[in-house]
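The structure appears below as C-alpha cells.
Laboratory data are not the source of any read-out in this text; all were calculated from the coordinates shown. Keep in mind that this is a model prediction, so the values were computed, not measured. Quick reminder, even Gly has a Cβ in these numbers, built from the backbone with ideal geometry, and neighbours come from all protein chains shown.
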C-alpha cells in the first residue's frame, strides 16, 4: 500500500500549491496533517522518513496510544487529536497529544483545564471545533455559540492556549456547500480574533476530497488521509 506513497504525496503537494497560488497565498503557510486512523505504525514511519511529514492526526485515543508509545525518540513528530474527545479520556489526551483539535464544549474545556493543572502541563494548544454544516452526525459547537465559548476558554482556562478553529466539511460533492462551510469558519476566525484582540493562527479545515477548496477559503492546516495513504481497509 505504501509503495505508491511518494506519488500520492507529490500529487497532494501539487494540488496544495495550485490552490495556494489560486488564493494568492504562499504554500508554506499551509501544514499537512497525515490522518493515520487505521494506519499501522510502519505506514506512518514511512510517511515520516520518506515523505518528511511531522504532523499526524488520530481520531481515537485507544488506537493512537500504541503508535505514540512506539515512536522512535529521534524522529520529530507532533500528534494531534482530531476526533471527538470523550470527557473520561481527557487525561490520556493531555498526556499524549501535542494539540487537541476537537474541543467542543465549555464542560470539556473545564475538564482539560483542571487536568492540565494537575499534571503540570501549561499552554496546551487547542482548537475550537465548530459544526459549520449543521449536520447532526457531526460534533462541534454551533457557529452562533463559537465566540462566547472562545471567550470563555481564553478568560477561564489559562492553561489552554486557543490557537484557532477546526471544522469538518459537509458530506457532499457540492462545491458551493463546501465552500460556504469553510467560508463561515474563516469569518468566525476573523471576528473572534477581533473580539479577543488575539491572533488565532490556525484554521484547520479540508480533507482528502475537499482540501483544495479549503485552502482557497483560507485553511492553514489540511487533514489528509486516503489521498496520502490510499483507501482504508477496515477489519
Report the gain in length on full extension from residue 60 to residue 107: 0.36 nm times residue separation, minus Cα-Cα distance, nm rounded to one decimal. 14.9 nm
Rounded to the nearest 0.05, what FRET efficiency do residue 172 and residue 49 have when you use their Cβ-Cβ distance and R0 = 41 Å? 0.70
Only Cα pairs within less than 10 Å get springs; with that Gaussian network setup on the chain, which residue of 51, 34, 120 has the largest fluctuation? 120
Length-normalised contact order of the range 2-229 in % [C-alpha pairs under 8 Å, at least 6 apart]: 21
Using the C-alpha gyration tensor of the range 27-138, what are the square roots of 5 times its eigenvalues, in whole angstrom, with the largest one first? 24, 18, 14
What whole-number volume per residue, in cubic angstrom, does the convex hull of the C-alpha atoms of the chain give? 129
Using a 10 angstrom cutoff on alpha carbons, build the Gaussian network for the chain and name the most mobile of 210, 74, 195. 74
